[in-house]
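All remarks here apply to the structure that follows.
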Amino acid sequence: MQIRNKFKLLKGVAFIAFISLLLSSCVNYDEVEIKEIQEVKLVSFSDKGLIVDSKVKISNPNIFDIKVVGSKLNVIVQGRAIGSTKIDGKLVLPSKSEEFHTLRLKSSFEDLGKDALMNLVAITASNSDKISFKFEGYIVGKVFFIKRKVEISHEDSTRLRLF
């Protein structure tokens with residue numbers, strides 16, 4: 001009887017060790033990196049808020065796909081605060097990839113700063129081919145059932161397309 005209990009205990013410990021080893025390999029990962037932002041396109045500005053599409057080159061050096069499940073980014077364009085935005089829709093970063101993704105960024109009027117409309121008018125009226133911008137905030141990534149919140153900050157300049 002005691003041998004049977006010891007065998008069950010040994011089996012349980014071995015199972016927990018195996019699961020721990022399996023999960024620890026998922027925890028070790030390389031940082032995902034934003035390489036380039038090719039363009040920013042103003043899709044719509046309506047009573048529902050602001051929608052912008054942005055072509056972003058993202059590098060995922062990991063051996064697993066990463067699904068983006070949440071985000072919040074504060075945006076500054078040409079030195080003017082616009083407000084906060086989030087990535088809308090599905091975004092999956094394939095394993096061992098470096099490719100462009102079109103990100104749809106959505107902001108409601110509550111998310112936009114009090115001077116956002118005036119700042120956007122001033123930016124679009126400048127007729128500049130390129131705009132400088134900065135965003136900082138966080139993105140939540142998910143691999144299997146493990147989620148991780150990552151703080152990000154990126155500064156760049158790129159083409160602006162209107163509608």
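Values quoted throughout were computed directly from the atomic coordinates according to the rules given, and no laboratory measurement underlies them. Predicted model only: the values in this text are computed from it and were never measured. Note that each Cβ is placed from the backbone with ideal geometry, even for glycine, and that neighbours are counted across all protein chains shown.
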Handout entry: Yes/no for Ala81 being without any contact (Cβ under 8 Å) to a residue 60 or more places away in the chain and among the hydrophobic types (A, V, I, L, M, F, W, C)
Key = yes
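So, of the residues in segment 147-162 that are of a type in the set (Lys, Arg) and in contact with a Phe, Trp or Tyr (Cβ under 9 Å, 6 or more places away or on another chain), which turns out to be nearest to Val43 (Cα to Cα)? Please lay out each step first, then the result.
Quick first cut of segment 147-162, residues of a type in the set (Lys, Arg) only: 147-149, 159, 161.
Then keep just the ones that are in contact with a Phe, Trp or Tyr (Cβ under 9 Å, 6 or more places away or on another chain); that gives 148-149.
Values: Arg148: 30, Lys149: 28 Å.
Restricting to residues being of a type in the set (Lys, Arg) and in contact with a Phe, Trp or Tyr (Cβ under 9 Å, 6 or more places away or on another chain), the top hit is Lys149.
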Practice task
Could you please find all residues in segment 84-114 being of a type in the set (Lys, Arg) and touching a residue at least 12 places away in the same chain (Cβ under 8 Å)?
Solution key: Lys86, Lys90, Lys96, Arg104, Lys106
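Here is a list: Gly137, Gly141. Which entry is assigned to a strand (DSSP E or B) and on the phi > 0 side of the Ramachandran plot? Show your work before the answer.
Details: Gly141 fails: on the phi > 0 side of the Ramachandran plot.
Every option except Gly137 fails the conditions.
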Problem - Selection status of Phe109, within 20 Å of Leu50 (Cβ to Cβ) and in a strand (DSSP E or B) - result: no
Exercise for the section: Within segment 78-100, identify whether any single residue is surrounded by 14 or more Cβ atoms within 10 Å (Cβ to Cβ), β-branched (Val, Ile, Thr) and in contact with a helix residue (DSSP H, G or I) (Cβ under 7 Å, 6 or more places away or on another chain), and answer yes or no. Expected result: yes
Handout entry: Yes/no for Glu151 being surrounded by fewer than 13 Cβ atoms within 10 Å (Cβ to Cβ) and either in contact (Cβ under 8 Å) with a residue 12 or more places away in the chain or assigned to a strand (DSSP E or B) (or both)
Key = yes
